[in-house]
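Novice: Dropping the structure in here first, questions after.
What follows is calculated from the coordinates using simple rules that are stated; it is not laboratory data. Just so we're clear, the structure is a prediction, and the values are computed from it rather than from any experiment. Here the Cβ positions follow ideal geometry from the backbone for every residue, glycine too, while neighbour counts run over all protein chains shown.
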Amino acid sequence: MASAAARAEAARLTAHFQAAGAISVEADLLQPAEVLLDLYGEDIRGRAYVTQDPVRGEVMLRPDFTVPVVQMHMSDGAEPARYTYEGDVFRMQQAGTGRASEYLQVGFELFDRDNPAQADAEVFALFNQALEKFSMRCVTGDIGLLKAAVEGLSTSDHRRAALLRHIWRPTRFRALLDRFSGKGPDPKGRARTLDALAKTPARELVDAVAEQPGLRTASDVAARLNLLAEDASVPDLPAAEYEAVGALLTLSQMMPDALEELRDISKVLPAISPAISGMEARMAALKARGIDPANLPFEGSYGRTNMEYYDGFVFGFYAADGASPVASGGRYDALTRVLGQGREIPAVGGVIRPEMTALL
């Protein structure tokens, strides 16, 4: 249960967003599990409180506001639109982390198709104004740069898809990148399987196993084995591209310096050029709002451990000695396309934890 100080801070933040033109909206405490499971797969189940409702089927305690707000807007929202909300969210935490499993959130979401760079700057500036009295440090990034880099790699569709799927799992992403570049270890079991496939068709190998555990059919297993064999024939990722992606992942500079490094990286990965142009426009829009990009840190990997709907500009605000963000947000255009049933609109937003600002 949030303290009186946290509730008062939530009211201040909500008023701040309302003054910027946001309409207050609410979202049900119980959300349909099917939507989130479709979006993120079974991974979300380990982070949410899921139960069975006799009427609605499988539901979960609200882990987030953005998805239901997007659904509401895509159903009958006007354009452009600004929303704010306030309420508790629930996230299952690992033992020993000390992190709260129930906490208060105040958020702001902006749906506007006219100028994404201006929208990014508007949202960031609003959060910066709301938190400026706390002297926080901030970090920015752009998931769109990494997605564009992966989509432009000189490799197979299957390998690009695998890397895109694991962008939000940094350790797995790096292991795949190393393996696809011939840099990482090749598991012995995989090597033995490929050797067997070179001698015997996949379906014969599967049929030769007397007992086949698991839920997959023999055809499913054979198809997977054939995919492994096909993947093994794909040439290694060019060394220059491998190093360029590595430079993007480790990039950590103030925005103007980061922009110069990104221009160098784009000589090897030209697919990131549109995202670089978007970053330039965003920097100009921030400057027009009185925020100097030279004072904003930019990290190439920032935002990769948050909810998986961010696909562009991302940001976070931290207390001077804090490891967890007091506020975070970003752009999620693709989410509106998924939930819009054929419609889509560029969107960006973020959340603040008033319990943390109240302590500050």
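Novice: Quick one: Debye curve from the alpha-carbon atoms of region 289-360 only, equal weights, vacuum; give me log10 I(q)/I(0) at q = 0.12, 0.24, 0.27 Å⁻¹ to two decimals.
Specialist: -0.42, -1.15, -1.25
Novice: Once you put a point 7 Å from the Cα of R169 and another 7 Å from the Cα of R113, both along the Cβ direction, what distance in nm separates them?
Specialist: Label-label distance for R169 and R113, simple model: 3.5 nm.
Novice: Considering only the other residues whose Cβ falls under 12 Å of the Cβ of P116, what net charge follows from Lys and Arg at +1 and Asp and Glu at -1?
Specialist: -4
Novice: Related question: Report the full-extension gain for the segment S233 to T305: residue separation times 0.36 nm, less the Cα-Cα distance, to one decimal in nm.
Specialist: Separation in residues times 0.36 nm, less the Cα-Cα distance, equals 22.7 nm.
Novice: Give the distance, in whole Å, between the Cα centre of region 92-111 and the Cα centre of region 1-43.
Specialist: Cα centroid to Cα centroid, the span is 10 Å.
Novice: Once the convex hull of the alpha carbons of region 1-93 is built, what does its volume come to per residue, in cubic angstrom?
Specialist: 119
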